[in-house]
Amino acid sequence: MIKIKKFYTARYEPVFMYDAVKKEFLKAILEPILEKEIIELEILNPNLIQDYFKLRGQRLDLLVKTKDEIINVELNTNYSEEIMIRNLHYIFKLASENTERGNKYKVKNKIVQINLNFINSIYEKSIYTLYDKINKIELTDYIKIYNVGIDKHIKKYYNNDKKFTKGEEAIIMLDLGKQELEELSEKSEIVNNFKKEIIKANNDEFVVDWISKEEEQKQYEEVMYEKGLNQGLSEGKKKGLSEGLTKGKELGISEGIEKGIEQNKIENAKKMLELNMDLETISEITNLTKEEIEGLRN
């Protein structure tokens, strides 16, 4: 039986980063979402300052800066309350880091978060600000969140007999299969260029290996979570359900997942060293120190 090679779309972070760091594509994706032209665009270090805030190693998916905004782009393969709460942590952390403290608080840049939701989206697009529900006024436009339903855009694209509004093709192209992407590329130059790069990404052994390890890690996390949950339920019979669930999660996630994630970082760092990537870049991607990375050369 012939095994068909899986085609990875830009919902996978390594593929997205392979393409999105090319400003041509990044601008094409962001402009229809923000509904304005982007003149200046700079890709920033996605690591958040480390303190008590411990979520995914304090690393954002993609952090960019325009003329007057800091934009955090998050890839969400599932639209859920837990993910939305996590992303709220991110945006308020960025807002805190982007404020100069003195006699008066001075805002350096507006903070924008764009959540690219690939599965279970509610709307094609929704925008959130800090809003006073009683007096029905927007408190500030300093913080703004855009939720973009990639799956909803794709569904509309097919329901409208493959028609798209200006700029929408850059959103649709992120999660099309190889054949569908080929068809859309005939209608759009930006999609045609994107198609060439995403095919390169799918033929890049390092990118595919990275994704495979992430998928394995996700399966491992699910197994460890289930194991921890079962252990927690067992403990709960003795000490109460609430305490048992907490202990189960601690056993399954804290011990198992953290060890697996750390090993995954090390394996990725070794591959990057083989590709002669510089230590600073490897450190930013893996969240390992330069000293730890140097130690992997032996």
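I'd like the residue in the stretch 132-183 that is of a type in the set (Asp, Glu) and part of a helix (DSSP H, G or I) and, out of all such residues, is surrounded by the most Cβ atoms within 10 Å (Cβ to Cβ).
GLU169
Quick one: in the stretch 254-296, of everything that is more than 19 Å from the chain's Cα centre (by Cα) and polar (S, T, N, Q), which residue is modelled with the lowest pLDDT?
The residue in question is SER254.
Quick test of your reading of the structure: ASP151 fulfils all but one of (1) farther than 22 Å from GLU169 by Cα; (2) under 19 Å from the mean Cα position of the chain (by Cα). Name the failing condition by number.
(1)
Tell me whether the stretch 184-191 contains one or more residues that are among the basic types (Lys, Arg), surrounded by fewer than 17 Cβ atoms within 10 Å (Cβ to Cβ) and in contact (Cβ under 8 Å) with a residue 12 or more places away in the chain.
The answer is yes, given that some residue of the stretch 184-191 is among the basic types (Lys, Arg), surrounded by fewer than 17 Cβ atoms within 10 Å (Cβ to Cβ) and in contact (Cβ under 8 Å) with a residue 12 or more places away in the chain.
ASP51 - would you say it is in a loop (DSSP other than H, G, I, E, B) and at pLDDT below 90?
Yes, satisfied.
Please enumerate the residues belonging to the stretch 112-149 that are hydrophobic (A, V, I, L, M, F, W, C) and under 11 Å from ILE33 (Cβ atoms).
Result: VAL112, ILE114, LEU116, ILE127, VAL148.
The values are calculated or read from the model by the stated rules, or taken from the named source; none is laboratory data. Computed from a predicted structure; not experimentally measured. In this analysis, Cβ positions are derived from the backbone assuming ideal geometry, glycine residues included, and neighbour counts consider all displayed protein chains.
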